[in-house]
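Here's the structure, in C-alpha cells; my notes come after.
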Amino acid sequence: MTIEAQLHLTRDDFTLDATFCVPSHGITALFGPSGCGKTTLLRTIAGLEKEARGRFVIGDTVWQDEARCLPTYQRELGYVFQEASLFEHLSVRQNLEYGFKRLPKKKQRFDLDQAVTLLDLTALLPRQPARLSGGERQRVAIARALLSNPQLLLMDEPLAALDQQRKQEILPFFARLHSELDIPILYVSHATDEVARLADYLLLLNDGRVQASGPIADMLTRADLPLAHDHDAAAIIDATVSGHETQFSLARLTFPGGQFSVPYAGRSNGLPVGQRVRLRVLARDVSLTLEQQTGTSILNIVPVTVTALDEENTPQSRAQLLAQLDANGVPLLARITRKSAVALALEPGKPVFAQIKAIALLD
Amino acid sequence: MLSETDILALWTTLKLAGLTTVILLLLGTPLAWWLAHSRFRYKMIVEALVALPLILPPTVLGFYLLIMLGPNGPLGSLMQSLGIQSLAFTFTGLVIGSVFYSLPFVVQPLQNAFATIGRRPLEVAATLRARPLDQFFSVVLPLARPGYLTAAVLGFAHTVGEFGVVLMIGGNIPGETQVLSIAIYDHVEALEYGQAHMLSGGLLLLSFVLLLTVYTLNRRYRVTSI
C-alpha cells in the first residue's frame, strides 16, 4: 500500500509542485529548510488549501483527483498543528471527544480510555487547556487526532514550540505511536535529530518541489543530497540487542553488517535482549584501516566496502573527502582526509575496516 | 408615577429594541463573518457603509428611509401596488429604521470577535470531521460569546436611545411609534420636568447597568478563554 500525490498550488510568491509516492506505513518525514513548502504541502494534503489542484490517493481511497476534491471534514485524517490548537472553551475530555463523537459508530476504532492510556492523560482530563503545559497540550492534540480514527496522521512540527526538556518528555510517545498503532504518519520537521530518531522514510523538499525520497538510512548517506555533507552528517543503523557484557556494562547490538558494543548504563530498562534500537554514527567519528587493527582501544570495528568517494562541496573542507561505505547492505559514511585516501589507495569496491569511535543510541 | 402613555412608550421602546437586537444578531452574524474573513478587494466599501450610522445625523438616515418607505418612495409604491400598506409611521417601519441605525453597534463587535478567533479553530474542527455549520455552532459561537454579549447589549441600548430616526419615520403615535426618548421630549416641551426626570433617570440607570453587565461578564469570560 502506498500514498501517492501529485499536488500543485500557485500563490503570488510561491509555487508548490509536489509529486511523490511513499509507503503507507511508518513515519515519513517531510524535511527541508524553512520556506520550502513543508507546511503548505501538509495543509494541501489535508484539503485546507482550497486552490490546490492535483491528485492524492492513500491506499485505495482517493481524496482528490481531477474530477473531485473531498472537503477536509470528509478526509479520514488526523492533523496535529505546530502550536497545539486545543479548543479553549472545552475541557481536555471534551476536546478529546470532539472528533470521536462525530464518527459513525462503526468507525470508532479507539476508545477514549485507549488514547488516554497511550498518551498518559488521565490526570489532565478535567482540566481546561489554558492550564496545561506546552508538552501536555501537544499530547492532548495527538490523542484527539487519534480518536478521530485517521487513515493518515499529519503532524506539522509538533515539537517545534517546545523546549528541549518537553521534547524529551514527548518523544517516547511518538515511539509508542509507531510501535503500537498501524497508522501512517507524515511528519513535518526541519530538525535533523528528530528526523534521524523518528523517521522510517524521508521526503526531501526544496523550494516547493520534492528533491528526493527514500528510506531514511539511504537518504542520510546519499552524496548527491545535502544531508550527507552537513557538519553532523551521520548514518542511521537499526540494530537489535543480542547480549550483554555485564562486567563492563556494555550491550551487544547486532545489525546486518556485524556487531557493536555500546554502554547500557543509565538506560532506564537496561536494554533487554531482543529490543530494537536505532543508532547514529557520525561521519566524522569513523576512520578507515586496510587491515583489522589489534591493540586498539576502539571497540567497534566492522568490515565494509568503499562504494564511492565524494568531494565535499564547501571550500573549508578542501582537505577532506566523504567516503560512502557499505557494511553488508547497511550504508555508512566516513569523513577522511584526501591525503589518507591517497595513502590507502581507496577506490570504489575496495574492502576496508571501519573503526567507529562513538555510537549514539537514539531511543 | 408613570402615566399610561409613558408606560406604553416604555413598552414600545423595549419591544422595538428587543426585536431590533434579535434581527441584527441574525443578519449581523453572516455580514460580520464575511467582513472578518473575505478577501474581496472592495470590502472596505461595505465596511464604510456599515459604519455610516456611527457618524451620520440620525435625521438624515430617517429622512432617506422616509423617502424610501413612504407611499411615493420606490419601496413604498412597490408595496402599495402589491396591496401592502406603506411602512412609514408604523412600528414595522420603526424596526427597519432601527436595524439600519444600530447596525454598526452589532456588526463591529461581532466582526472583531470573528477576526480574533481566526480560521485556525475552524480548520481544527474540519480535521475532526465537523461540517461547516457544525464548525460554526460548536466552535465559533462559544468562542465568540463575549463578542455576542457586547453586540447584543450595545445594539439594544443604542436602539433604546434612538430619537432622530424615530421622529422622521415613526412620528409620535402612542402605542405604535411613540418611544421613550420622544416621550421625554414631549414632557420637556410641556414643562413636565418631574416626568421627564423619571424617564430620563430610568434610561440613564438602565444604560449604566447594561454596560456594567457587559464589562463584568466579558472580563469573566476572558479569564477562562485565554
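The values are calculated or read from the model by the stated rules, or taken from the named source; none is laboratory data. Computed from a predicted structure; not experimentally measured. Using ideal geometry, Cβ is built from the backbone for each residue, glycine included, and neighbour counts are taken over all protein chains shown.
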Open item on the list: Within region A:75-89, take every residue that is surrounded by fewer than 22 Cβ atoms within 10 Å (Cβ to Cβ) and more than 8 Å from chain B (Cβ to nearest Cβ) and give me the one that is nearest to residue A:146 (Cα to Cα).
Closed with: A:76
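Can you list the strands (runs of 3 or more DSSP E) lying wholly within region A:238-327 that have 3 or more residues being over 26 Å from the mean Cα position of the chain (by Cα) and in contact (Cβ under 8 Å) with a residue 24 or more places away in the chain?
Details: elements: A:250-255, A:258-263, A:276-282, A:286-289, A:300-311, A:320-327.
Passing ranges, in order: A:286-289, A:300-311.
Table: residues versus (1) β-branched (Val, Ile, Thr); (2) more than 29 Å from residue B:128 (Cβ to Cβ); (3) not assigned by TED's automatic domain parsing to the domain that holds residue A:322.
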| site | (1), (2), (3) |
| --- | --- |
| A:178 | no, no, yes |
| A:195 | yes, no, yes |
| A:201 | no, no, yes |
| A:207 | no, yes, yes |
Task: Any hit, region B:100-118, residues being in a loop (DSSP other than H, G, I, E, B), within 14 Å of chain A (Cβ to nearest Cβ), out of contact with any Leu (no Cβ under 6 Å at 6 or more places or on another chain) and modelled with pLDDT of 90 or more - done: yes
- [ ] Go through (1) closer than 21 Å to residue B:173 by Cβ; (2) of a type outside the set (A, V, I, L, M, F, W, C); (3) surrounded by fewer than 17 Cβ atoms within 10 Å (Cβ to Cβ) one by one and return the number of the condition residue B:81 breaks.
- [x] (1)
- [ ] Could you please let me know if residue B:122 is touching a residue at least 12 places away in the same chain (Cβ under 8 Å) and either of a type in the set (Ser, Thr, Tyr) or more than 13 Å from every other protein chain (Cβ to nearest Cβ) (or both)?
- [x] no
Open item on the list: For region A:204-230, which positions are outside any strand (DSSP E or B), aliphatic (A, V, I, L, M) and over 15 Å from residue A:325 (Cα atoms)?
Closed with: A:216, A:225, A:227
TODO: Answer yes or no as to whether residue B:49 is modelled with pLDDT of 90 or more and closer than 18 Å to residue B:24 by Cα.
DONE: yes
Open item on the list: Only one of B:63, B:89 is over 23 Å from residue B:147 (Cβ atoms), within 21 Å of the chain's Cα centre (by Cα) and outside any helix (DSSP H, G or I). Can you tell me which?
Closed with: B:89
Task: Restricting region A:127-145 to residues that are within 14 Å of another protein chain (Cβ to nearest Cβ) and not aliphatic (A, V, I, L, M), the residue that is nearest to residue A:82 (Cα to Cα) - done: A:138
Open item on the list: So, restricting to helices (runs of 4 or more DSSP H) that lie completely within region A:85-194, which ones have at least 3 residues that are at pLDDT 85 or above?
Closed with: A:92-101, A:112-118, A:134-147
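Results for (1) of a type in the set (Val, Ile, Thr); (2) surrounded by fewer than 21 Cβ atoms within 10 Å (Cβ to Cβ), shown as yes or no for each residue.
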site: B:53; (1), (2): no, yes
site: B:64; (1), (2): no, yes
site: B:74; (1), (2): no, yes
site: B:86; (1), (2): no, yes
site: B:90; (1), (2): yes, yes
site: B:111; (1), (2): no, no
site: B:115; (1), (2): no, yes
site: B:124; (1), (2): yes, no
Task: Those residues of region A:45-74 which are under 25 Å from residue B:137 (Cα atoms) and either more than 9 Å from chain B (Cβ to nearest Cβ) or in contact (Cβ under 8 Å) with a residue 60 or more places away in the chain (or both), in sequence order - done: A:46, A:49, A:50, A:69, A:70
Open item on the list: Among (1) surrounded by 18 or more Cβ atoms within 10 Å (Cβ to Cβ); (2) assigned to a helix (DSSP H, G or I); (3) within 14 Å of chain A (Cβ to nearest Cβ), there is one condition residue B:141 misses while meeting the rest; what is its number?
Closed with: (1)
